[in-house]
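Below is one structure; the comments refer to it alone.
The values are calculated or read from the model by the stated rules, or taken from the named source; none is laboratory data. Just so we're clear, the structure is a prediction, and the values are computed from it rather than from any experiment. Cβ coordinates were reconstructed from backbone atoms using ideal geometry, including for glycine residues, and neighbour counts include every protein chain displayed.
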Amino acid sequence: MLKKDKLIIAGKKFTSRLIVGTGKYKSMQECAKAIKVSGADIVTVAVRRVNISDKSKALLMDYIDPKKITYLPNTAGCFNSEEALRTLRLAREIGGWKLVKLEVLGDKKNLFPEMIETLKSTEILTKEGFKVMVYCNDDPLMAKRLENAGASAIMPLAAPIGSGLGIQNTINIKIIRKQTQLPLIIDAGIGEASDAAEAMELGCDGVLVNTAIAKAKKPLMMAEAMKLAVISGRKSFLSGRIKKNIYGNASSPKKGII
């Protein structure tokens, strides 16, 4: 990645702009290998689904060192504010984690965020000292409300969780990018490396990927592809693309030719 171009969330600097999930892999060994290949500095951990406390069973910490990789506890599987708050408070008790990902779902079929409960939870958690990265829909107005509520990062979906459909609403993502000072991270719906590159070219600060890597036929190869796509997309964005034009424009000089 660009040496001086760091991802900054809640005052902490990260080298990689790719965040990787820890669910859906065939094994913890495969998960650990994929994360290493991806170069990710942050991994999301579903507190309700991944073992981080029962020492009689395999612990995630046995495979992914929390001293080297930042754990981002999330509230996957929570469908109301009470469940989400309880889950993140538990995460703080277990590991002292304050940088967290808030995810309050509205239904089990589409897994869209329940934004009223999400906003309420964000307000409560920030008052309790949490640094909250918020999974949300791609509504610019709601994104601004989350920012005003004290969120540490805005994480709009590209498409439904696990769908692999890629970014469905580039206009709203562009609007959110222009209006927010917070880190903007695409969360959910990424299917292939080109989706990750597109997100970065839109000006997003990062991309969160889980299913697209874990369920790929070759997870390790896809992890590397996502790493390179995020780097490439970021460099493309920083380079400043040419203006779009409906007419042709010769690349060769028009003067000084025979």
For this session: Identify, from the list 178, 174, the residue that is of a type in the set (Lys, Arg), more than 30 Å from residue 218 (Cβ to Cβ) and in contact with a Leu (Cβ under 7 Å, 6 or more places away or on another chain).
Result: 174
Exercise. Do you know which residues across segment 1-39 are farther than 14 Å from residue 63 by Cα, in contact (Cβ under 8 Å) with a residue 40 or more places away in the chain, of a type outside the set (D, E, K, R) and assigned to a loop (DSSP other than H, G, I, E, B)?
Worked result: 1, 2, 10, 16, 39
Exercise. On the given criteria, is residue 43 hydrophobic (A, V, I, L, M, F, W, C), assigned to a strand (DSSP E or B) and at pLDDT 90 or above?
Worked result: yes
Problem set entry | Considering residues of segment 93-118 that are over 27 Å from residue 202 (Cβ atoms) and buried (at least 20 other Cβ atoms within 10 Å of the Cβ) only, the residue modelled with the highest pLDDT | 117
Exercise. Counting only residues that are in contact with a Ser or Thr (Cβ under 9 Å, 6 or more places away or on another chain) and surrounded by fewer than 19 Cβ atoms within 10 Å (Cβ to Cβ), which one in segment 17-31 is nearest to residue 134 (Cα to Cα)?
Worked result: 23
Problem set entry | Hits in segment 145-156 - residues which are assigned to a loop (DSSP other than H, G, I, E, B) and surrounded by fewer than 18 Cβ atoms within 10 Å (Cβ to Cβ) | 150
For this session: Could you identify the single residue in 86, 49 that is surrounded by fewer than 17 Cβ atoms within 10 Å (Cβ to Cβ), at pLDDT below 95 and in a helix (DSSP H, G or I)?
Result: 86
Problem set entry | Sole residue being farther than 20 Å from residue 19 by Cβ and in contact with a strand residue (DSSP E or B) (Cβ under 9 Å, 6 or more places away or on another chain), chosen from 210, 169 | 169
For this session: Could you tell me whether residue 174 is within 28 Å of residue 200 (Cβ to Cβ), in contact with a Lys or Arg (Cβ under 6 Å, 6 or more places away or on another chain) and of a type in the set (D, E, K, R)?
Result: no
Exercise. When only residues in segment 119-138 that are in a strand (DSSP E or B) and among the β-branched types (Val, Ile, Thr) count, which is surrounded by the fewest Cβ atoms within 10 Å (Cβ to Cβ)?
Worked result: 132
